[in-house]
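Trainee: Below are the structure tokens for one structure; questions will follow.
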Amino acid sequence: MDKFRILSIDFELEEVDRLRDTENVKSLNGHIVFDEPKIRIDAGLEKQNAYEVLWHEVLHGIFTLSMPDIEVDENSTDRLAHAICQVMRDNKKILDKYYPWKNDKANSRTDQ
């Protein structure tokens with residue numbers, strides 16, 4: 001099972017067919033659950049959309065865990081997720097070059 005670490009918490013990544021909210025009222029692209037901890041992504045999303053949804057949920061995790069007194073709205077989280085994905089996609093070569101833990105066995109995690 002894939003895990004994504006946000007601060008000190010390992011969130012299990014789970015792809016869910018036809019993901020719904022907890023009340024089963026509306027469909028969702030993604031959802032982060034802090035008490036389990038899990039990040040759920042709708043399995044029917046195309047790869048690029050799933051990547052952006054993952055970043056959206058990761059940002060919710062970062063905001064909630066590091067700044068619990070500040071509420072960030074969905075629109076701002078979505079725009080920031082899109083911006084991060086665009087920067088990472090369009091600058092991959094430079095980001096890879098400056099990634100500090102590349103080929104660093106001491107800082108690599110064996111569970112990833």
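The values are calculated or read from the model by the stated rules, or taken from the named source; none is laboratory data. Everything numeric in this text was worked out from a predicted model, so none of it was measured. With ideal geometry, Cβ positions are generated from the backbone for all residues, glycine too; neighbour counts draw on all protein chains shown.
Trainee: Within the set of pairs 6 or more residues apart or between chains, which connect a residue that is within 16 Å of Gln48 (Cβ to Cβ) inside the range 87-100 to a residue that is part of a helix (DSSP H, G or I) and of a type in the set (S, T, N, Q) with Cβ atoms less than 9 Å apart?
Mentor: So the pair list comes out as Arg89/Gln48.
Trainee: Any idea which of (1) surrounded by fewer than 12 Cβ atoms within 10 Å (Cβ to Cβ); (2) among the aliphatic types (A, V, I, L, M); (3) in contact with a His (Cβ under 6 Å, 6 or more places away or on another chain) is the one Ala81 doesn't satisfy?
Mentor: The one condition Ala81 does not meet is (1).
Trainee: On to the next question. For the range 17-40: of the residues being outside any loop (DSSP other than H, G, I, E, B) and touching a Gly at 6+ places or on another chain (Cβ under 9 Å), which is nearest to His60 (Cα to Cα)? Spell out the reasoning first.
Mentor: Let us first name the residues in the range 17-40 that are outside any loop (DSSP other than H, G, I, E, B), namely 20, 27, 30-33, 38-40.
Still in the running and touching a Gly at 6+ places or on another chain (Cβ under 9 Å): 32, 39-40.
Values: Ile32: 8, Ile39: 10, Arg40: 13 Å.
Per the stated criteria, the residue is Ile32.
Trainee: Let me ask something else about it. If you take the residues in the range 1-16 that are in contact with a strand residue (DSSP E or B) (Cβ under 8 Å, 6 or more places away or on another chain) and part of a loop (DSSP other than H, G, I, E, B), which one is farthest from Ala81 (Cα to Cα)? Break it down into steps so the answer makes sense when it comes.
Mentor: Step one: of the range 1-16, the residues in contact with a strand residue (DSSP E or B) (Cβ under 8 Å, 6 or more places away or on another chain) are 1-5, 10-16.
Narrowing the set further to residues that are part of a loop (DSSP other than H, G, I, E, B) leaves 1-2.
Details: Met1: 24, Asp2: 20 Å.
Within the range 1-16, the match that is farthest from Ala81 (Cα to Cα) is Met1.
Trainee: Still on this structure, I have one more. Hey, does the range 69-80 have a residue that's of a type in the set (Val, Ile, Thr), touching a Leu at 6+ places or on another chain (Cβ under 9 Å) and more than 18 Å from Asp2 (Cβ to Cβ)?
Mentor: Step one: list which residues in the range 69-80 are of a type in the set (Val, Ile, Thr), which gives 70, 72, 77.
This time we only want the ones that are touching a Leu at 6+ places or on another chain (Cβ under 9 Å), so: 72, 77.
Within this subset, residues satisfying the condition of being more than 18 Å from Asp2 (Cβ to Cβ) are 72, 77.
There is at least one residue in the range 69-80 that is of a type in the set (Val, Ile, Thr), touching a Leu at 6+ places or on another chain (Cβ under 9 Å) and more than 18 Å from Asp2 (Cβ to Cβ).
Trainee: Restricting attention to the range 1-59, which residues are in contact with an Asp or Glu (Cβ under 8 Å, 6 or more places away or on another chain), of a type outside the set (A, V, I, L, M, F, W, C), closer than 22 Å to Arg79 by Cα and surrounded by 12 or more Cβ atoms within 10 Å (Cβ to Cβ)?
Mentor: Asn29, Gly30, His31, Arg40, Asp42, Gly44, His56
Trainee: A further question follows. Which of the residues spanning the range 50-73 are more than 14 Å from Phe11 (Cα to Cα), assigned to a helix (DSSP H, G or I) and either aromatic (Phe, Trp, Tyr) or at pLDDT below 95 (or both)?
Mentor: Hits for the range 50-73 are Tyr51, Phe63.
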